Amino acid sequence: MIKVLIVEDEPAYVEALEVALGRDGFDVHTAADGRTGVARFEALQPDVVLLDLMLPGLQGLDVLRLIREHGTTPVIVVSAKNQEADVVTALELGADDYVTKPYSARELVARIRAAARRSSPTSSGQSGLRQIGDVVLDASRYELRSGSELFPLPRKEFALLEILMSQPGQIATRASLLEEVWGYEWQESKSLDQHIRRLRRKLEHAATGPQITTVRGVGYRLDLPDDGEGRITNS
Ligand code: CA
């Protein structure tokens with residue numbers, strides 16, 4: 001079980017992450033300020049740390065410095081939009097990845113999993129790959145292999161396809177996709193359709209891959225290739 005320490009002072013973010021990470025089987029611990037974060041880190045020895053940079057008391061960058069004195073535990077820093085300079089400093093100090101608020105819990109779960117996998121070679125293997133037919137989604141590289149083509153996926157396309165491939169044949173509603181992928185950001189849903197359209201074009205390169213079906217008025221569903229007859233169902 002992957003042990004995650006969330007150092008974050010905003011309850012809304014902590015609660016959303018606890019739900020998303022708990023649902024995905026992570027062992028979640030939290031700290032609401034920098035000093036508690038350092039203490040929990042030393043006591044728990046987590047596999048991954050999610051670290052907000054703007055904290056009461058001891059600042060995120062100082063927490064990161066102290067964590068780095070203990071070794072190479074993956075740290076994903078969370079910044080506000082106006083903190084680019086701090087992100088650069090954090091990466092120089094050895095942070096592994098960063099996200100900017102507002103972020104989606106689903107995207108973050110994928111990143112935490114990828115960070116944990118990178119740091120523990122024994123648990124690597126196939127766990128970061130989802131494969132359906134000749135479509136392969138690689139979570140450690142944010143890449144989609146579709147037939148003989150390789151596409152680096154933008155984050156939101158990756159998150160969308162990850163959700164759909166995790167539940168083939170099941171409908172994902174527009175509301176749930178918007179909430180999970182766009183999180184707090186979404187205002188209008190047109191960009192969901194645009195992202196689906198782009199994914200469909202990429203999936204068309206696979207001869208025996210799945211296709212994304214529109215369920216009118218409801219959402220989207222990933223349909224498996226009709227391998228019984230070897231028929232290709234994309235148009
Ligand atoms: Ca904060």
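Considering each residue of segment 84-93, count those that are more than 19 Å from the chain's Cα centre (by Cα) and surrounded by 14 or more Cβ atoms within 10 Å (Cβ to Cβ), and give that number. Walk me through how you get there before you give the answer.
Our first condition is that a residue be more than 19 Å from the chain's Cα centre (by Cα); within segment 84-93, this holds for 84-86, 88-90, 92-93.
Next, from what is left, pick out any that are surrounded by 14 or more Cβ atoms within 10 Å (Cβ to Cβ): 86, 89-90, 93.
Residues that pass the stated criteria total 4.
Every residue, every condition in (1) within 26 Å of residue 183 (Cα to Cα); (2) among the hydrophobic types (A, V, I, L, M, F, W, C), yes or no:
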{"residue": "15", "(1), (2)": "yes, no"}
{"residue": "18", "(1), (2)": "yes, no"}
{"residue": "68", "(1), (2)": "no, no"}
{"residue": "79", "(1), (2)": "yes, no"}
{"residue": "84", "(1), (2)": "yes, no"}
{"residue": "102", "(1), (2)": "yes, no"}
{"residue": "114", "(1), (2)": "yes, yes"}
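Go through (1) more than 12 Å from the ligand (Cβ to nearest atom); (2) open to solvent by less than 60 Å² (accessible area, probe 1.4 Å) and name the single condition residue 81 misses.
Here residue 81 meets the rest and fails (2).
What pairs can you find where one residue is in segment 48-68 and more than 19 Å from residue 11 (Cβ to Cβ) and away from the ligand (no atom under 15 Å from the Cβ), the other is in a helix (DSSP H, G or I) and at pLDDT 95 or above, and their Cβ atoms are less than 8 Å apart, with a gap of 6+ or different chains?
66/38; 66/41; 67/38; 67/41
Is it the case that some residue within segment 94-114 is at positive phi, within 16 Å of the ligand (Cβ to nearest atom) and open to solvent by 30 Å² or more (accessible area, probe 1.4 Å)?
No, segment 94-114 contains no residue that is at positive phi, within 16 Å of the ligand (Cβ to nearest atom) and open to solvent by 30 Å² or more (accessible area, probe 1.4 Å).
Select from segment 28-43 the residues that are part of a helix (DSSP H, G or I) and open to solvent by 40 Å² or more (accessible area, probe 1.4 Å) and list them in ascending order.
35, 36, 39, 40, 42, 43
Looking at 61, 50, 55, can you tell me which residue is in a strand (DSSP E or B) and out of contact with any Cys (no Cβ under 7 Å at 6 or more places or on another chain)?
On the way: 61 fails: in a strand (DSSP E or B); 55 fails: in a strand (DSSP E or B).
Only one candidate passes the filter, namely 50.
For residue 31, work out the one condition from (1) away from the ligand (no atom under 13 Å from the Cβ); (2) more than 24 Å from residue 141 (Cβ to Cβ) it doesn't fulfil.
All conditions are met except number (1).
Considering only residues that are surrounded by 21 or more Cβ atoms within 10 Å (Cβ to Cβ) and part of a loop (DSSP other than H, G, I, E, B), look in segment 1-27 and name the one that is modelled with the lowest pLDDT.
Among those residues, the one meeting the criterion is 26.
Tell me, yes or no, whether segment 134-149 has at least one residue that is modelled with pLDDT of 90 or more and basic (Lys, Arg).
Yes - at least one qualifying residue is present in segment 134-149.
The values are calculated or read from the model by the stated rules, or taken from the named source; none is laboratory data. If you're wondering where the values come from, they're calculated on a predicted model, not measured in any experiment. Please note: Cβ atoms are built from the backbone with ideal geometry, for glycine as well, and neighbour counts cover all protein chains shown. When the accessible area is computed, the model is the full protein with side chains, heavy atoms only, and any ligands, DNA or RNA have been set aside. Shrake-Rupley method; radii C 1.70, N 1.55, O 1.52, S 1.80 Å.
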